[in-house]
Amino acid sequence: MNATSAGIATAATFIWFGMVLAISFMEAPLKFRAPGVTVPIGLGIGRIVFRALNRAETVLAAAVIAAVASGGPPVSVTVPTCLATVSLAVQLLAIRPALNRRSDRVLAGETLPRSRAHLLYVATEAVKALTLLALGIGLLAA
């Protein structure tokens, strides 16, 4: 893989990885522990934060894909690039719409049980984070 493409892909990958860790695995669960943060307030904040995160992820994914595609990547880079991108696409196209419909209902005052879609999102987020870490390591070795 050429040095310029590898450098751009590595930077974008680790920025993406850091954002996922910071938002999904720190901010999201911690906000509900803050004094006075109710479920509706936490959901409202979460929707705004995750909308911004997903936009940033989409831009970073596009940068990674472009850099990897132009750099003559080895399989150790191509496979995790595809997996991270597919994970993001599944979240955006399949899981997030269900979560948004559910949060609309909660914000409208309904009391609902825990969501399986939420657990699926967390599992997909964990897969994406591990895949991004593997991609970053693969890029450093390329």
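The values are calculated or read from the model by the stated rules, or taken from the named source; none is laboratory data. These numbers come from a predicted model, not from an experiment. Here Cβ is always computed from backbone atoms with ideal geometry, including for glycine, and neighbour counts include all displayed protein chains.
Here are a few things to note about the model shown:
- The requirement of being touching a helix residue (DSSP H, G or I) at 6+ places or on another chain (Cβ under 9 Å), touching a residue at least 40 places away in the same chain (Cβ under 8 Å) and closer than 29 Å to Ser5 by Cβ is satisfied by Ala63.
- Extreme residue, farthest from Ile65 (Cα to Cα), among residues of segment 102-139 that are modelled with pLDDT of 95 or more and among the β-branched types (Val, Ile, Thr): Val122
- Annotation: of all residues in segment 18-74 being among the aliphatic types (A, V, I, L, M) and touching an Asp or Glu at 6+ places or on another chain (Cβ under 8 Å), the one that is farthest from Gly109 (Cα to Cα) is Met19.
- Test: Phe14 is in contact with a helix residue (DSSP H, G or I) (Cβ under 8 Å, 6 or more places away or on another chain), of a type outside the set (A, V, I, L, M) and under 19 Å from Ala123 (Cα atoms): no
- Ala61 small (Gly, Ala, Ser), over 14 Å from the mean Cα position of the chain (by Cα) and at pLDDT 95 or above: no
- Tallying residues that are farther than 30 Å from Ser115 by Cα and surrounded by fewer than 13 Cβ atoms within 10 Å (Cβ to Cβ) within segment 3-48 yields 2.
- Yes/no for Val79 being surrounded by 14 or more Cβ atoms within 10 Å (Cβ to Cβ), touching an Asp or Glu at 6+ places or on another chain (Cβ under 9 Å) and within 28 Å of Thr10 (Cα to Cα): no
- Yes/no for Ser76 being over 20 Å from Ala129 (Cβ atoms) and more than 20 Å from the chain's Cα centre (by Cα): no
- Segment 1-21 residues that are small (Gly, Ala, Ser), paired with ones that are crowded, with 21+ Cβ neighbours inside 10 Å (beta carbon under 6 Å, 6 or more apart): Ser5/Ala67; Ala6/Leu139; Ala9/Val64; Ala9/Ala67; Ala9/Val68; Ala9/Leu139; Ala12/Leu60; Ala12/Val64
- Filter result (within 30 Å of Asn2 (Cβ to Cβ), surrounded by 19 or more Cβ atoms within 10 Å (Cβ to Cβ) and among the aliphatic types (A, V, I, L, M)) within segment 86-128: Leu88
- Pair list, Cβ < 6 Å and 6+ apart or interchain, from segment 43-60 residues that are in a helix (DSSP H, G or I) to residues that are loosely packed, with under 14 Cβ neighbours inside 10 Å and at pLDDT below 95: none
- Of all residue pairs spaced 6 or more apart or on separate chains, those with beta-carbon atoms under 9 Å, a first member in segment 76-102 that is hydroxyl-bearing (Ser, Thr, Tyr) and a second member that is surrounded by 15 or more Cβ atoms within 10 Å (Cβ to Cβ) and not in a helix (DSSP H, G or I) are Ser76/Ala142; Thr81/Pro73.
- Among residues that are modelled with pLDDT under 95, part of a helix (DSSP H, G or I), over 15 Å from Phe17 (Cα atoms) and of a type in the set (Val, Ile, Thr), Val90 is not included.
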